[in-house]
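Working notes for the structure below.
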Amino acid sequence: MAFKPALVVVDVQEDFCPPNGSLAVQEGRDIVPALNALLSLPFVIKIATKDFHPQDHISFASNHAPPNNKPFESMFTIANPHNPGETQETRLWPDHCVQGTKGAELLPELDVSQVHHIVEKGQDRRVEMYSAFADPFTSPNVTHSNLAQLLHEKGVTDVYIAGLAADYCVRFTALDARKEGFNTWVVGDATKAVDPASLPDVRKEYEKVGITIVGKDEAVQRLKDA
Ligand code: VGL
Ligand code: ZN
């Protein structure tokens, strides 16, 4: 059986990390040593993703009218711009990862010299896009990145996913990797969650679709043995 593994490091950006991130995930910075260990390995392709929003992005609470514009709390129904009958209930956030700002930058301690491609996502102001592959709409899909193409072109069989945040962008990137047909592995101890209490449900979701959570040591060993 061929084993052609890819690594996708999701959204390891200043705005998702202490001490200054607007949407800081607790201990978000602490996963960098694990990520750098993964980045040192001979994956067929290593990709870093960036949440990369325009200032008028629909997911920013600041772009909505009160009273339903509380960051982290308010929900908003986004309609597919091509099909108002298809809707997505989504959470509103503080402004984050705005194109051209410090908050959108990858952490300087992340070993970007090992990264082959950077995939930017969330540029379309009209839709939320947690997944590094595509927005969540299907009838029709509104926008997608070149990630699926990059992975398929390289003949990738297995996708290892780590980074931020375990319950949002890592989760939806993993679900889409599985839908693309890849053996999908989430490196659990190289992620952190916005809401750690949600992780049992995320694990159940992974189990249902055949995504496996692995430890970083296990992932490192698999790559070394390959
Ligand atoms: C993310 C919330 C909003 C993430 C991105 O990278 O997990 N979370 N935008
Ligand atoms: Zn975002």
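The values are calculated or read from the model by the stated rules, or taken from the named source; none is laboratory data. All values reported here derive from a predicted model rather than from experimental measurement. With ideal geometry, Cβ positions are generated from the backbone for all residues, glycine too; neighbour counts draw on all protein chains shown. Protein only, heavy atoms only, side chains kept; ligands, DNA and RNA dropped before computing areas. Shrake-Rupley method; radii C 1.70, N 1.55, O 1.52, S 1.80 Å.
For V156, are the conditions met, namely being within 14 Å of ligand 1 (Cβ to nearest atom) and surrounded by 15 or more Cβ atoms within 10 Å (Cβ to Cβ)? Quick ask: steps written out before the conclusion?
Values: within 14 Å of ligand 1 (Cβ to nearest atom): no; surrounded by 15 or more Cβ atoms within 10 Å (Cβ to Cβ): yes.
When the stated conditions are applied, V156 does not pass them.
Output the residue which, of all residues in region 115-126 that are assigned to a loop (DSSP other than H, G, I, E, B) and within 11 Å of ligand 2 (Cβ to nearest atom), is farthest from D167 (Cα to Cα).
It comes out as Q123.
Would you pick out the residues in region 136-150 that are away from ligand 1 (no atom under 16 Å from the Cβ), open to solvent by less than 70 Å² (accessible area, probe 1.4 Å) and out of contact with any Phe, Trp or Tyr (no Cβ under 7 Å at 6 or more places or on another chain)? Even if it seems obvious, please write down each step before you answer.
Looking only at region 136-150, we keep the residues that are away from ligand 1 (no atom under 16 Å from the Cβ), and these are 137-142, 144, 146, 148-150.
Cutting the leftovers down to open to solvent by less than 70 Å² (accessible area, probe 1.4 Å) gives us 137, 139-142, 148, 150.
F137, S139, P140, N141, V142, L150 - these are the residues of region 136-150 that are away from ligand 1 (no atom under 16 Å from the Cβ), open to solvent by less than 70 Å² (accessible area, probe 1.4 Å) and out of contact with any Phe, Trp or Tyr (no Cβ under 7 Å at 6 or more places or on another chain).
Going by the conditions given, is V202 within 16 Å of ligand 1 (Cβ to nearest atom), within 30 Å of D56 (Cα to Cα) and in contact with a Leu (Cβ under 9 Å, 6 or more places away or on another chain)?
Taking the combined requirement at face value, the residue does not satisfy it.
Considering only residues of region 59-99 that are aliphatic (A, V, I, L, M) and in contact (Cβ under 8 Å) with a residue 12 or more places away in the chain, which is surrounded by the most Cβ atoms within 10 Å (Cβ to Cβ)?
If we filter region 59-99 for residues that are aliphatic (A, V, I, L, M), which is where we start, we get 61, 65, 75, 78-79, 92, 98.
Keeping just the survivors that are in contact (Cβ under 8 Å) with a residue 12 or more places away in the chain gives 61, 75, 78, 92, 98.
Working: A61: 19, M75: 10, I78: 19, L92: 21, V98: 19.
Here the residue is L92.
Would you pick out the residues in region 144-180 that are of a type in the set (G, A, S) and under 15 Å from A132 (Cα atoms)?
S145, A148, A162, G163, A165, A166, A174, A177
Please enumerate the residues belonging to region 47-95 that are out of contact with any Ser or Thr (no Cβ under 9 Å at 6 or more places or on another chain), away from ligand 2 (no atom under 16 Å from the Cβ) and among the hydrophobic types (A, V, I, L, M, F, W, C).
I47, A65
Would you tally the residues in region 163-190 being in contact (Cβ under 8 Å) with a residue 40 or more places away in the chain, among the charged types (D, E, K, R) and within 15 Å of ligand 1 (Cβ to nearest atom)?
2
Taking the criterion of being within 30 Å of Q221 (Cα to Cα) and touching a Cys at 6+ places or on another chain (Cβ under 9 Å), would at least one residue in region 120-131 satisfy it?
Pass one, region 120-131, residues within 30 Å of Q221 (Cα to Cα): 120, 130-131.
After this cut, where a residue has to be touching a Cys at 6+ places or on another chain (Cβ under 9 Å) as well, the list is 130-131.
Within region 120-131 (the criterion being within 30 Å of Q221 (Cα to Cα) and touching a Cys at 6+ places or on another chain (Cβ under 9 Å)), the answer is yes, since at least one residue qualifies.
Tally the residues that are of a type outside the set (A, V, I, L, M, F, W, C), within 13 Å of ligand 1 (Cβ to nearest atom), touching a residue at least 12 places away in the same chain (Cβ under 8 Å) and open to solvent by less than 70 Å² (accessible area, probe 1.4 Å), restricting the search to region 114-135.
Step one: list which residues in region 114-135 are of a type outside the set (A, V, I, L, M, F, W, C), which gives 114, 116-117, 120-126, 128, 130-131, 135.
If we keep only those that are within 13 Å of ligand 1 (Cβ to nearest atom) as well, we get 120-123, 128, 130-131, 135.
Okay, now just the ones that are also touching a residue at least 12 places away in the same chain (Cβ under 8 Å), so 120-123, 128, 130-131.
Those left that are additionally open to solvent by less than 70 Å² (accessible area, probe 1.4 Å): 121-122, 128, 130-131.
Final tally of qualifying residues: 5.
Select, from V98, V44, V32, the only residue that is among the hydrophobic types (A, V, I, L, M, F, W, C) and within 16 Å of ligand 2 (Cβ to nearest atom).
Details: V44 fails: within 16 Å of ligand 2 (Cβ to nearest atom); V32 fails: within 16 Å of ligand 2 (Cβ to nearest atom).
Exactly one of V98, V44, V32 is among the hydrophobic types (A, V, I, L, M, F, W, C) and within 16 Å of ligand 2 (Cβ to nearest atom), namely V98.
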